[in-house]
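J.: Below is the structure I would like to discuss, written out as structure tokens.
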Amino acid sequence: MYNNENNNFIDVEASPVNEADQTVGGNSYNGNNNFHNKPKRKGKAKFLGKIAGLVIVAMAGGVFGSGITYYAMNRGTLGTSAVSKNVTYVPQSFTQSSDDAMSAADAFNKVSPAVVIISTVSDSGSVNMFGGTGEVEGMGSGFIINEDGDILTNYHVINGAKEIKVTLSDGREVNANVVNYDADKDIAMIKLAEGTKVPAVAELGDSDEIYPGAEVIAIGTPLSKNLAYTLTKGVVSGSNRSVDSGNGKSMNLIQTDAAINSGNSGGPLVNTKGQVIGINSMKLSSQASSSNASVEGIGFAIPINEVKVQIDTLSKQMVNLGIKIRVVDSSLSQRYNLEQGLYVAEVEEYSPAEKAGMKIGDIIVKCDGKTVTTFDELKEIKNSKNVGDTMEVEVIRNHKPVDLTVTLEEAK
């Protein structure tokens, strides 16, 4: 099950908030008290410093309950992504392309056979009257990138899903599993069940070639399957928009006025060559605005060039350590008389870390001979490994060094 923000145990793939207040799976360690549960933040956005109270909401396919679509405004809820705080503009110069352009219909006909509907089931976290756990259904979009059945989508579309089904353009519904993801970039790769013949493969374009005014289309399934393969048309409103996603990380996104609604998340933004130049991810919404400002036609997509450089990593099966960690920086080290490094807050039962002898309270200081003091440093080393590889880990236990050999396993 992939539930890195809702499960009891979260592996080190989950996103930190920052170096001094490291959050993995909703828990944090800060310098003011002991380890505690971090309250959810309701981020408010200022667009170019002028429009107050606008909330950037990634539209992941609505989360459905009793047939009613609702939008949860927290990162930890399936069907949404991080609430964003700021959007800034980084000036750029652009050169308009002189290539012959396809019509919107031709671009749609080229790309849509590779577009898929992603349906998910996750635990709601609530307990019903019979003592069981309720379930929540979610929906988003994605697109096939190779004959092996690899599909790109948003991380928030599949986050927390215990079951994933994909509806192909020819109507077949097949199972899929998560291969890997980057929560900070809000991208994920899922894979169709082995032996599935794909109906088509999307061509990836060059997002560096876009310019304001360039025509684009968005393809996806907004709100419900009754609106499957909806095409919306617009232009590139701007590029290189720096968006603070609310977790201490910035994303440089394409801005478009092509309508992006719940269910479009993970679907392709397509140029007039019929090439994917972005992954539709979020839009500005005024529904939570205290200023009652009206917002129309401000959507965002992840540039495909930022995704292409990660495809090799995303294609590699995620490996599991089975720990929850928190950063001990220099100030915390002095305050609590702890070694600087990564504090092991939880160890999952039967995990590679437990099998290697890692214990709660250990502080990871080295991996494969390299000093690690941040979440990203540990993540980089782990992501370079394959299933079955070993990782030499040095921990400090009761102020004494202990060497452990961890054999990595496939993340479940």
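The values are calculated or read from the model by the stated rules, or taken from the named source; none is laboratory data. Since this is a predicted model, take the numbers as computed values, not measurements. Methodologically, a virtual Cβ is constructed for each residue, glycine included, from the backbone with ideal geometry; neighbour enumeration extends over all protein chains shown.
J.: Does LYS379 satisfy being closer than 13 Å to LEU321 by Cα and either surrounded by fewer than 15 Cβ atoms within 10 Å (Cβ to Cβ) or not assigned by TED's automatic domain parsing to the domain that holds LYS249 (or both)?
T.: Yes, satisfied.
J.: Closer than 28 Å to LYS249 by Cα and at pLDDT 95 or above: which single residue out of LYS197, LYS185, LYS191 fits that description?
T.: LYS191
J.: A further question follows. Of all residues being surrounded by 13 or more Cβ atoms within 10 Å (Cβ to Cβ) and within 26 Å of the chain's Cα centre (by Cα) in region 392-412, which is nearest to LYS162 (Cα to Cα)? Just the residue, please.
T.: Checking each candidate, the answer is ALA411.
Let's see how each residue does on (1) under 14 Å from PRO268 (Cα atoms); (2) polar (S, T, N, Q):
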{"site": "VAL179", "(1), (2)": "no, no"}
{"site": "ASP182", "(1), (2)": "no, no"}
{"site": "LYS185", "(1), (2)": "no, no"}
{"site": "LEU204", "(1), (2)": "yes, no"}
{"site": "PRO212", "(1), (2)": "no, no"}
{"site": "LEU227", "(1), (2)": "no, no"}
{"site": "THR230", "(1), (2)": "yes, yes"}
{"site": "VAL243", "(1), (2)": "no, no"}
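J.: Residue pairs, Cβ under 8 Å, 6 or more apart or interchain, first in region 100-118 and at pLDDT 95 or above, second part of a helix (DSSP H, G or I) and not acidic (Asp, Glu). List them.
T.: Every condition considered, the pairs that remain are ILE117/LYS225; ILE118/VAL157; ILE118/ILE158.
J.: Consider LYS370 carefully, then state whether it is surrounded by fewer than 18 Cβ atoms within 10 Å (Cβ to Cβ), at pLDDT 90 or above and not assigned by TED's automatic domain parsing to the domain that holds ILE158.
T.: In short, yes.
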